[in-house]
Amino acid sequence: MPSEKPKPQKSAIKDMAGTISTAIIIMIVLTIFVFPKFWGSKEAKSIVKNIDSLAGAMESYRSEFGSYPGGNSREISATLRGENDKKKKFTDLEKTDDTGRLLDPWGNPFQFYVSNDGFVIRSPGPNGEFEKGDGRKGDDFYYGSQ
């Protein structure tokens, strides 16, 4: 009966080195691109919660009334804060500007755009200015319903 040859150790070491290299590359990518979004400033963490909360408020309003709230950003802000036919509050966000528009964590007013089948919520981000175009290259935050 012929004896089996043991696998050479070099192959196992080479495989392990490849796995470690891959793990290091993944960690570098996560550190540079992913973790900063979650471990950023207090405002950056808060904006995600705020926009998610407002999106939930818009959907709750639609479930309650059969459509999304209408009007401009001030009117939609007031509606979500309880100025509606049922006096029902849909958001816990209270911080507003002097016209009644809800504010993001940097003190900038959110913008709401509503159509019959969806909505968009935007924040200009830390620089306080809405970027031209789709905003993906700037510091804007936005949520669009499907």
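Rule-based calculations on the coordinates, nothing more; no lab input. As the structure is a prediction and not an experimental result, all values here were calculated from the model. Quick reminder, even Gly has a Cβ in these numbers, built from the backbone with ideal geometry, and neighbours come from all protein chains shown.
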Using label points projected 7 Å from each Cα along Cα→Cβ, tell me how many nm separate GLU43 and ILE20, to one decimal. 4.3 nm
Evaluate the Debye formula for the range 38-146 with equal point scatterers sitting on the alpha carbons, no solvent, and hand back log10 of I(q)/I(0) at q = 0.11, 0.14, 0.24 Å⁻¹, in q order, two decimals. -0.32, -0.52, -1.44
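How high is the FRET efficiency from LYS95 to ASN116, r the C-beta distance, R0 25 Å, rounded to 0.05? Don't skip to the answer; put the middle values down first.
Values: r = 29 Å, r/R0 = 1.17.
Using R0 = 25 Å, I get an efficiency of 0.30.
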Run the quick spin-label model on GLU129 and SER53: label points 7 Å from Cα toward the beta carbon, then report their separation in nm to one decimal. 2.9 nm
Given the peptides 124-131, 60-67, arrange them by the average over their residues of other C-beta atoms within 10 Å, most packed first. 124-131, 60-67
